[in-house]
Amino acid sequence: MKNYLTASISASAVRHNIAQLRGRVAPGVRLCPVVKDDCYGHGMEVLYPVLSGLVDGFAVASPVEALALRQKGWHGFILCFLSAYFDDFMVQDELVWQEITQTVMSKSALASIQAAAKRVGKRARVHLKVDTGMGRMGIPARQAPDLIQAIHACAEVELTGIYTHFATADEADRSAVAAQLEQFASILPGTAGLVRHAANSAALIDFPETHFDMVRPGIAVYGCHPSAHLRNSLELKPCMSVKAQLIAVKHVPRGSRAGYGLTHEYARDSRVGIVPIGYGDGYFRCLSNRAVVRIRGLDAPVCGRVSMDQMTVDVTDIPGAQVGDEVEVISADPAAPNCVENLARLADTIPYEITCHLGHNMRHVLIG
């Protein structure tokens, strides 16, 4: 961790986003945010105290993430998207003992969970994941009824929910979502009493018919819109800002060049600053010569290629810029040129990838 790189996480922004999402669903629909990959890079350590008082459960990717939530003191519902099928027996047994709901997608996974339940002497809880068109994890919809019967026949395992995941809920074309929803609905008549869920952030915002009994928002919890066409559909507040400091400032003459490959040439006598962040810290190399940071409230263009742990910015037009000045690498202002969504656009990627890459090498602090 680099103490001179700070990700400030706004608790008030997260509360605002949760309230906006709650307002979109009917009373009684459970809100189960996805907090995998360290809350999409925003930091579970700082966000858990905020989220734990606002939500009805958590969804995680791995057994390790699920068990970490129990260690933090969360006694409520946890859905683990993966079963512990490939983990050692100790992890498999601990998931059952800690009453963490695992995902079942095959009879082999069911057998693994059943064996763990027998070893522990406790009934395991599972949700069935159905592939309705995503083409990724989940049992094909046509095979789901058979697996449901197999789970019901297994005394050591209790089926408590069923879910699917949408491939295109964040796109303007609604046809694929409708087709997936039709597939999912075809299975539901035989699943009385189960918690049904399908909606990610985009579906929660744009497809109320997908809300069912529970929703699983991800990126929207942290204040980013799942796609550009949904930006005006819900008022979200980005909760993360990333700051560093200028560690050097120097004068360079006109015609000087910067960075690996010397890809930037200064068109005038310039002042340049060095910022100690690079692609090793999650700031993408493809933002070279394209992005800006903010110093003293003014834009400073990134000049030359982003290196592993530092980059050069032009501070010629920022009077008084000096060593020690705060550098806003990523802004929580959604209108700023260096906000997450704008950086994602410049990098030709999605906000998820920007935030997930930024978390691991900096300290996270919670602000009001």
All positions within segment 251-277 that are of a type in the set (Gly, Ala, Ser) and either outside any loop (DSSP other than H, G, I, E, B) or in contact with an Asp or Glu (Cβ under 8 Å, 6 or more places away or on another chain) (or both): 255, 256, 258, 261, 270, 273
Only listed residue being assigned by TED's automatic domain parsing to the domain that holds residue 30, more than 26 Å from residue 146 (Cα to Cα) and not hydrophobic (A, V, I, L, M, F, W, C), chosen from 107, 72: 72
Sole residue being among the aromatic types (Phe, Trp, Tyr) and assigned to a helix (DSSP H, G or I), chosen from 166, 184: 184
Any pair with Cβ under 8 angstrom, 6 or more apart, that starts in segment 142-166 at a residue that is more than 23 Å from residue 199 (Cα to Cα) and ends at one that is in a helix (DSSP H, G or I) and of a type in the set (Gly, Ala, Ser): 156/117; 157/117
Residue match in segment 265-280 (condition: farther than 27 Å from residue 2 by Cα, assigned by TED's automatic domain parsing to the domain that holds residue 310 and crowded, with 18+ Cβ neighbours inside 10 Å): yes
Members of segment 195-206 found to be out of contact with any Pro (no Cβ under 9 Å at 6 or more places or on another chain) and in contact (Cβ under 8 Å) with a residue 40 or more places away in the chain, listed by number: 195, 197
Condition check for residue 363: within 23 Å of residue 10 (Cβ to Cβ) and in a strand (DSSP E or B): yes
Residue in segment 12-20 that is under 18 Å from residue 367 (Cβ atoms) and charged (D, E, K, R) present: yes
Residue ID - nearest to the chain's Cα centre (by Cα), chosen from residues in segment 137-157 that are closer than 18 Å to residue 182 by Cα and not in a helix (DSSP H, G or I): 138
Where a residue in segment 317-333 is more than 27 Å from residue 354 (Cα to Cα) and its partner, wherever it lies, is in a strand (DSSP E or B) and at pLDDT below 95, with Cβ under 7 Å and at least six apart: none
Hits in segment 43-90 - residues which are over 19 Å from residue 108 (Cβ atoms) and of a type in the set (D, E, K, R): 45, 56, 65, 70, 72
Near pairs, Cβ below 7 angstrom, 6+ apart or cross-chain, from segment 274-288 (under 13 Å from residue 303 (Cα atoms)) to any residue that is outside any helix (DSSP H, G or I) and polar (S, T, N, Q): 274/310; 274/312; 275/310; 278/307; 278/310; 288/263
Output for segment 320-368, where each listed residue is surrounded by fewer than 19 Cβ atoms within 10 Å (Cβ to Cβ) and β-branched (Val, Ile, Thr): 323, 349, 350, 365, 367
Residue check for residue 122: part of a loop (DSSP other than H, G, I, E, B), in the same structural domain as residue 97 (by TED's automatic domain parsing), without any contact (Cβ under 8 Å) to a residue 40 or more places away in the chain and surrounded by fewer than 18 Cβ atoms within 10 Å (Cβ to Cβ): yes
Qualifying residue in segment 210-226 (condition: surrounded by fewer than 19 Cβ atoms within 10 Å (Cβ to Cβ), assigned by TED's automatic domain parsing to the domain that holds residue 33 and free of Cβ contacts under 8 Å to residues at least 60 places away in the same chain): no
Subset tally (residues that are surrounded by fewer than 16 Cβ atoms within 10 Å (Cβ to Cβ), under 17 Å from the mean Cα position of the chain (by Cα) and over 25 Å from residue 15 (Cα atoms)) for segment 50-93: 1
Only one of 30, 15, 22 that is charged (D, E, K, R), within 14 Å of residue 221 (Cα to Cα) and in contact (Cβ under 8 Å) with a residue 12 or more places away in the chain: 15
Check on residue 65, at positive phi, in the same structural domain as residue 18 (by TED's automatic domain parsing) and not small (Gly, Ala, Ser): no
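The values are calculated or read from the model by the stated rules, or taken from the named source; none is laboratory data. Nothing here was measured: the structure is a model prediction, and the numbers come from that model. As a convention, Cβ positions derive from the backbone with ideal geometry for all residues, glycine included, and neighbour counts pool all protein chains shown.
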